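For reference, the structure is listed below as structure tokens.
The values are calculated or read from the model by the stated rules, or taken from the named source; none is laboratory data. All figures in this text were calculated on a predicted structure; none of them were measured in a lab. FYI the Cβ positions are ideal-geometry reconstructions off the backbone, even for glycines, and counts take in every protein chain you see.
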Amino acid sequence: MYTRKSSSYQNEIFAWLTDKDLNGHFDKEVDGPGSEFFVSASGELYGVLGPEARWSDNLFNKLIQ
């Protein structure tokens, strides 16, 4: 699957995750392995963390609560 926005062959789920016009919140490129995308049970993208984020970070804990 192509994850980069610059690719004309980007997979549909990655297009939704990385395009604010589609997901309504974030316009962020997938930086590489380890990027975290938080989607609610109702299908709303409500958080994005880069690969540098750690499970022990306060921000991460707030996103999953």
Exactly one of A15, A41 is among the aliphatic types (A, V, I, L, M), modelled with pLDDT of 85 or more, surrounded by 10 or more Cβ atoms within 10 Å (Cβ to Cβ) and out of contact with any strand residue (DSSP E or B) (no Cβ under 6 Å at 6 or more places or on another chain), and that one is A15
Would you check if F37 is touching a residue at least 24 places away in the same chain (Cβ under 8 Å) and not in a loop (DSSP other than H, G, I, E, B)?
-> no
Out of (1) surrounded by 13 or more Cβ atoms within 10 Å (Cβ to Cβ); (2) touching a Leu at 6+ places or on another chain (Cβ under 6 Å), the odd one out for K28 is which?
-> (2)
With respect to L49, is the statement that it is modelled with pLDDT under 90, of a type outside the set (G, A, S) and in contact with a Gly (Cβ under 6 Å, 6 or more places away or on another chain) true?
-> no
Cβ-Cβ under 7 Å pairs, at least 6 apart or on other chains, the stretch 1-23 side over 18 Å from F38 (Cα atoms), far side outside any loop (DSSP other than H, G, I, E, B) and of a type outside the set (F, W, Y) | Y2/Q10; R4/Q10; K5/T18
For the stretch 1-47, name all the residues that are of a type in the set (V, I, T) and farther than 21 Å from Q65 by Cα.
-> T3, I13, T18, V30
